[in-house]
Amino acid sequence: MSLRAFHLLFIALSVVLAAFFGAWSIGQYRSGNDAVYVLVGIASLASGVGLAIYGATFQRKTRGLS
């Protein structure tokens with residue numbers, strides 16, 4: 001596995017983890033109504049979107065290098 005492929009795999013796993021953590025924290029907010037969970041959920045989902053954008057940019061930038 002090349003370093004590029006490992007990097008893309010790691011980014012994809014990080015996006016999935018951020019999405020699951022965001023969904024979990026929103027679920028915790030629904031059951032407990034603590035505002036911290038909403039803030040953490042929104043931050044987690046935003047970081048997941050940012051990571052997805054970064055992954056797409058990285059893939060486009062390094063397309064011909066493998």
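Helix 3-32 sits at what angle to the longest principal axis of the chain, using alpha carbons and giving 0 to 90 degrees rounded to 10?
10
What FRET efficiency, computed as 1/(1 + (r/R0)^6) with R0 = 35 Å and r the Cβ-Cβ distance, is obtained for ARG63 and PHE20, rounded to the nearest 0.05?
For R0 = 35 Å, the calculated efficiency reads 0.75.
By how many degrees, between 0 and 90 and to the nearest 10, does the Cα long axis of helix 35-61 differ from the longest principal axis of the chain?
The answer is roughly 10 degrees.
Given (i) 1.39; (ii) 1.29; (iii) 1.02, which label gives Cα Rg over 2.2 N^0.38 Å as computed from the coordinates?
(i)
Counting each DSSP H run of 4 or more residues in the chain as -39500 (n - 2.57), what helix-only mean residue ellipticity at 222 nm follows after dividing by all residues, to the nearest 500 deg cm²/dmol?
So the helix-based figure for the chain works out to -31000 deg cm²/dmol.
Throughout, read-outs are computed from the coordinates displayed, never taken from laboratory work. Here the structure is a predicted model, which is why all the values come from computation and not from measurement. Glycine also receives a Cβ, built like all others from the backbone with ideal geometry; neighbour counts cover every protein chain displayed.
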